[in-house]
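The values are calculated or read from the model by the stated rules, or taken from the named source; none is laboratory data. Quantities reported herein were computed from a predicted structural model and do not represent experimental measurements. Here the Cβ is made from the backbone with ideal geometry for all residues, glycine too, and neighbour counts use every protein chain on show. The accessibility values were calculated without ligands, DNA or RNA, using every heavy atom of the protein model including side chains. Shrake-Rupley method; radii C 1.70, N 1.55, O 1.52, S 1.80 Å.
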Amino acid sequence: MSSKIEAMTTSKKKPKKKLSSDRVFDIFNYAFLVLVILLVAYPLYYVLVASISNPYEVYAGRTLLLPSQITFEGYKRVFRESSIATGYVNSVFYTVLGTAVTTSLVITTGYVMSKKTLPFRRVIMMFFVITMYFNGGLIPTYLVVSNLGLLNNVWALILPGGVSVYNVIVTRTFFESSIPGEIYEAASIDGCRNLGTYFKIALPLAKPIIAVMVIFTMVGYWNDWFQSLLYMQEKSKYPLQLALRQILIQSETTASMMGGMDGGYAEANKITELIKFASIVVGSVPMLVAYPFVQKYFEKGFTVGAVKG
């Protein structure tokens, strides 16, 4: 009897071998994921290689894997401009302030809209959704910002688009599907009021969706240049993206002016292309560095907030 028991226990401890079909499926999955990673990562690598290579070597297709005729002239021209340092400081300030304000508004709105006891909840949500498809347009928005005295002010970049309805819907879905209502009822029985429930219970449990909103909002503010072009009147307040745009335009103008000189256009066009690739790298690196810090929350928060909605 004891031998049978030992045989049964040893058989239970032995890991089950994967079937050949499972192994084939795993191999296919890994191969497919590696291919996807290469497709996503290669363009970034190519731009990095092109930014330190001779543009004519890039056009000839000699920089597909390694740089050719390495030069850092593009980066020298970009960082030689004093507007780059100012643009970095402005972009960091605009991004941090805008992300804090927008994320706070979105998370708070999504939490409130998730409450089924909210009066006129469906009507309010319908009003939000209508604004996703209809708006006043560029000129009326500019006139509103101008009449409010926000021109050349950081709030002109934040307030007009401070709340994204899409993000509110994702956040509302997260609160509805991921936090049981019994937790709120228990907090209410213990004497916790609405603000206490929000700050002590809802927000600590909403870290995944907060991380998703932070990365979405942060990337949006960092890459935005059009709003600054409309509302910022002083070059000292330009963000990095707009400063890089100005440098590239100046370089292209110089190249066109030197078109009549022997070899002048070719050399100027070479510098323009180097500046173009270097600008992409300079503008992208901060977001690439910041993303890993919130990546662990990104997948969970985005999946729960969007798929179940």
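Observations
- Scope the stretch 185-206; condition surrounded by 10 or more Cβ atoms within 10 Å (Cβ to Cβ), under 16 Å from Gly110 (Cα atoms) and either touching a helix residue (DSSP H, G or I) at 6+ places or on another chain (Cβ under 8 Å) or modelled with pLDDT of 85 or more (or both); matching residues: Thr197, Tyr198, Phe199, Ile201, Ala202, Leu203, Leu205, Ala206
- Scanning the stretch 182-224 for residues that are within 31 Å of the chain's Cα centre (by Cα) and either part of a helix (DSSP H, G or I) or without any contact (Cβ under 8 Å) to a residue 60 or more places away in the chain (or both) yields a total of 28.
- Here Leu38 meets the list (1) open to solvent by 100 Å² or more (accessible area, probe 1.4 Å); (2) at pLDDT below 85 almost entirely, failing just condition (2).
- Any hit, the stretch 46-58, residues being farther than 30 Å from Val163 by Cβ, of a type in the set (D, E, K, R) and in contact (Cβ under 8 Å) with a residue 60 or more places away in the chain: no
- Restricting the stretch 270-287 to residues that are in contact (Cβ under 8 Å) with a residue 60 or more places away in the chain and over 19 Å from Tyr59 (Cα atoms), the residue that is nearest to the chain's Cα centre (by Cα): Met287
- Flag for Val219 being buried (at least 17 other Cβ atoms within 10 Å of the Cβ) and modelled with pLDDT of 85 or more: no
- The residues of the stretch 54-77 that are at positive phi and open to solvent by 60 Å² or more (accessible area, probe 1.4 Å) amount to a single one, Gln69.
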